1. At R0 = 22 Å, how high is the FRET efficiency between residue 421 and residue 514 if r is their beta carbon distance? Nearest 0.05 is fine.
2. Using a Förster distance of 22 Å, how high is the FRET efficiency between residue 130 and residue 59, based on the Cβ-Cβ distance and rounded to 0.05?
3. At 7 Å along the Cα-to-beta-carbon direction for both residue 25 and residue 429, put a label point, then send me their distance in nm to one decimal.
4. Evaluate E = 1/(1 + (r/R0)^6) for residue 252 and residue 224, where r is the Cβ-Cβ distance and R0 equals 22 Å; express this FRET efficiency to the nearest 0.05.
5. Test of understanding: what is the full-extension gain from residue 103 to residue 45, defined as 0.36 nm times their sequence separation minus their Cα-Cα distance?
6. After finding the eigenvalues of the alpha carbon gyration tensor for the range 13-175, what semi-axes result from the square roots of 5 times each, listed largest first in whole Å?
7. Quick one: length gained pulling residue 17 to residue 467 fully straight, 0.36 nm per residue minus the C-alpha distance?
8. Counting other beta carbons within 10 Å of each residue's own, what order do 206, 351 fall into, fewest first?
């Protein structure tokens, strides 16, 4: 039978209990040590005090005279003058007893006058009667006490008696109890302050942890590690001082491809990766998105974001991705769009032909239908077959047929001249590149002649010594000289906003394949763009 799980105590409760218990135990131990130390200190202090008092009393003339009257019975009288003086002195000095004894240990004075004339009790008076002064602890008629002894000597230096001054441990305990009350009061105040401090500390830590419990923090850490390990982008974070605090596996792989060692946590980002751009984000607190970064020749696409906490920048994080992957995705998307446009144009043209055929069938004009089918075969199928002749790559041939259909739909004359046979390429990715390059160049050429009287676009292709040459010429208005130098820059276009991406993409792909790109244009006389790309043929196509 499964037992129900007990609820986990909240973090602030645990912290409060832990800190309060620590404070209470610490102060309790401190109280015990203080009490023991105070007791020992009080005992030593009282021993020194009663010894000093005993020495002072032993020097009194009346004490010496009383001890010199050895045979006088009045010396042991309970109401003697010496007894009265010693009692007054005892009360003023706040001690429990002052006993004057003769050389045989017989008492001349005592707080209990009935004890006068009896032998001193405790057995520790011997050294004093031999001329020593000291302190001891012994059991007497008043109980266990701390005693100070001093010898009494006559003018000749002979020991004629001794003086004992003492404080009982009960009296000393009462004094310690008074001091302990003050100490206990102070300890109680400290415990209360410690408990209140523990409660404040618990609330502060809870606020710093954004109200999360330990198991929630543990789960977040596990999720964070899983996310960092699963994302494809490289992640690199720094603190407010620009020192690396976090990198993930993808970042290690990208940096390793760029020839950099795995970064050590705590390393200044300016020393490890000066071109990261994170110090600028820390200074200005502004994000930097979709910026190209080159690390040892490797192109990365970077996003940089500041990390804010309570309105302050406490760090920054950068995500990196290999730009070649982004470029490949863009190529695939653009290629699909081009294929779709070509198919749409071909479908539209084919539907028009089907309408003509359907009308002739409904009219039962079969001779006219036969002539029309021959004309379609002569003017459409044959030229299309001739168009793809010499192009060994089916995808490229189909793409050009689609562009031919699009040109006819837009009432543009597209001439395609294949000077040399074009075999399939060795690298399949080259087909995507050709679709991107030709698609953008032809699209720009179509737009250029769209509003001209003469709508002529010419594409010349050929392969010579593993080098593919592409020439796209139009009869458009040409490109002004001021714009000609920047025409391949992203965002530069004469067609308005959100344009100017096609030629920039062409330049990127041509440069990525170590090709060349040349533009010739004169206002009013059209534009010619020449592209040369390395084009190793597929091994199966080599003779």
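1. Efficiency, rounded to the nearest 0.05: 0.45.
2. Values: r = 18 Å, r/R0 = 0.82.
Working from the Cβ atoms, E equals 0.75.
3. 6.4
4. Working: r = 17 Å, r/R0 = 0.76.
Between residue 252 and residue 224 the formula returns 0.85.
5. On the way: separation 58, 0.36 × 58 = 20.88 nm, distance 2.81 nm.
Computed gain between residue 103 and residue 45 is 18.1 nm.
6. Numbers: eigenvalues 360, 44, 29 Å².
Gyration-tensor ellipsoid for the range 13-175: 42, 15, 12 Å.
7. Working: separation 450, 0.36 × 450 = 162.00 nm, distance 7.94 nm.
The residue 17-residue 467 span can extend by a further 154.1 nm.
8. 351, 206
Where a number appears in this text, it was derived from the coordinates with a stated rule and is not lab data. None of these values were measured; they are calculated from a predicted model. For neighbour counting, all protein chains shown are included, and Cβ atoms are generated from backbone atoms with ideal geometry for every residue, glycine included.
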